[in-house]
1. Might you report the magnitude of the Cβ-based charge dipole of the chain about its Cα centre, with Lys and Arg at +1 and Asp and Glu at -1, to the nearest 20 debye?
2. What length, rounded to one decimal in nm, is gained on full extension from residue 231 through to residue 6, with 0.36 nm per residue of separation minus their alpha-carbon distance?
3. Over the chain, what is the relative contact order in percent, taking alpha-carbon pairs closer than 8 angstrom and at least six residues apart?
4. Would you work out which of 217, 234, 143 lies farthest towards the positive end of the dipole of segment 143-254, given +1 charges on the beta-carbon of Lys and Arg and -1 on that of Asp and Glu, about the Cα centre?
5. Which ³J(HN,Hα) values in Hz, rounded to whole numbers, follow from the phi angles of segment 440-455 under the Karplus curve 6.51 cos²θ - 1.76 cosθ + 1.60, where θ = phi - 60° and Gly and Pro get x?
6. So for the pair residue 402, residue 416, with labels modelled 7 Å out along Cα→Cβ, what separation do we get in nm?
7. Which order do the peptides 154-161, 295-302 come out in when sorted by mean C-beta neighbours inside 10 angstrom, highest first?
8. Using the charge dipole of the chain (Lys, Arg: +1 at Cβ; Asp, Glu: -1 at Cβ; taken about the Cα centre), state which of 437, 452, 462 has its Cα farthest towards the positive end.
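Any read-out appearing in this document is the output of simple, stated calculations on the displayed coordinates, not a laboratory observation. Predicted model only: the values in this text are computed from it and were never measured. No Cβ is skipped: glycine too gets one built from the backbone with ideal geometry, and neighbour counts run over all protein chains shown.
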Amino acid sequence: MTEGEKVVTTLASGTTNTLTDGTSYILATDETEPDATFYSKADLVINGDGKLVVEGNYSNGIRSKDDLILVSGEYEVTAVNNSLKGKDTVAILDGTYNLTTAQGDGIQANNEEDADSGNVYIDGGTFSINSGRDGIQAVTKLAVQNADITIQTAEGSTSTDIDTAESYKGLKATGTVEISSGILNLNTADDGIHANSAISILGGEMTIASGDDGMHADETLTISDGTIDIQESYEGIESSVIQIEGGNISVVASDDGLNAGGGSDTEITIGTFGEDSFAGGQMGGGMDVDESKQLIITGGTLVVDSEGDGLDSNGTVDMSGGVVIINGTTTGGNGSLDYGSSFNITGGSLIATGTSDMAQNASEGSQVSLGITYDTTQEANELISLLDEEGNVVVSFTPTKSYSHVVISNPDLTTATYTLVSGGENDGEESNGLYEGGTVTNGTELADLSVTDTITNLTSSGETASATGMMGGGQPGQPAQ
C-alpha cells in the first residue's frame, strides 16, 4: 500500500488469510521499499477476529512507515527480518501473536528522527516470540501492560554460536521501558530487559533467564511492585541508580546480584556482550568510588543468590525498609555486601551470608547492624540464630550455601547481649530461609555476643573483629575492591 492516509484491514471472523512473498524484489532505481509482505506507507490498522498468516521471505512480515496499530485478531508471522514493524509507533491492544524471525526483531519501532516517535505500546494480547535478534525493540519508549508475553532470543540464555556485536535482548528501548502489569517469560541470549535511559517496573509477573544481565538500565532502574524471578543471569539487576520500593524479587547471578555501577572485586570481568555503559559515560567494571552510583532499598522482598557480590555499589547503599536476603559467593574474592562510599541502614531486615575475605558490614545508620566472622566455614542448610537474653528469637535463618561471614540487621536487634546458636530447628513460619519468630531447639550455642554500637563487628566467639572481616578488605570511604 503506497497511497492513502490510512489503511484499515479487517480480518473476518472464522477466516484464515495468508500472505507470502518471494525471496527477492525488483525495485525502482535507488529504492529500498517496499520491504515487507504486508507493507503500508501510511498508518496501518488491522482489526477483526480472523487469522492472518504472513511469510516474509524477503525481509519484514508486516510493516507500516507510520503507525502500525493491531486491535485484535490472530497473527502468525515468520520473517527473515522483523515480524512486526512500525516506524513511528507499534500499538497493540489485543490479539494472539506467534512471531518468528531469522535475523531481526519480533516487534520493532525505529523512528530515531522524531523524539515523540519510535514507541511500542502493548496493552493486551498473548505473544510467543522467537527472534533472531531482539524480542521487542523501541527506539524511544516501550510500555507493556495486561499482556502475556513469552520471548526467546537466539537459542536463549545458553546461546553460544552468536555474533556478540549484535543485540539479542528480550525487551529493549533506547529510551525507557515501563512495565505496569502482565506476565513475561524471557529466555534471552543478551539482557532480559534493557534501556539506555530508565526501566520502571510498576507491577506484573516476570520470569527471566539471561545470558547477560537480567535487567540493565544505563541511568535509573526502579521496581515499585510486581513479582520478578531472575533464574539465570551474569548480573541480575544493574543500573547507575537502583531503587527497590516494593515487589517480590529473586535473583540468581553468576556475578553480582545487584550492581549500581560496580565491577568485580578481583578483576574487571565482563559478560558475554562486553562492558555495560552507565550514566555519565562510565563503563562497567570500574573500581573507583562514584557517589552518583546509588542502591536505594525502601521496601519489597529481595532474595539474592550470587557468585559475585550480592549487593554492589560503586557509591552508596541506603536501606530504610524491606527484606533483603543474600546467599553470597562461596569462593572468595567477593562480598555479600560491597560498596565504595557508605552503607546507611535505618530500617528493614537484612541478612547476608558469604565469605569473610572481602566482607563488609553496613558503615552507618540508626538501626543496629551486626557483622559476624567465623573462624571456619559454616555448612549450608544449617540454621543460624540469634537469641536475646530471654531466649526469644531475634533472627533465625538457614543459608543455602556455605559461609564464613554474616551481616544481620533488623528492628529487633539493639545494643544488648545475644546468644549465637548454630544448627537445630525452628518451629516458626519460614520464607526464603528466614523464620518469623518460633522457638529454636537442639542447636549448639557458640558464644554470647555483646552488641555495643550501632555498627558492631564480632567473631563467632564474641571477640571484636575488623569492619571487613578478619582479612580487612576495602574500608568505607575507599574504593570497593
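1. Its charge dipole is roughly 760 debye.
2. Working: separation 225, 0.36 × 225 = 81.00 nm, distance 4.39 nm.
That pair, residue 231 and residue 6, stretches by 76.6 nm at full extension.
3. Details: 1714 pairs, mean separation 34.0, N = 481.
Dividing the mean separation by the residue count of the chain yields 7 percent.
4. Toward the positive end, the furthest listed residue is 143.
5. Result, ordered by residue: 8, 10, 6, x, 10, 6, 8, 5, 8, 10, 9, 8, 10, 10, 4, 10 Hz.
6. 3.5
7. Top to bottom by mean Cβ count within 10 Å: 295-302, 154-161.
8. Final value for the positive-end residue is 437.
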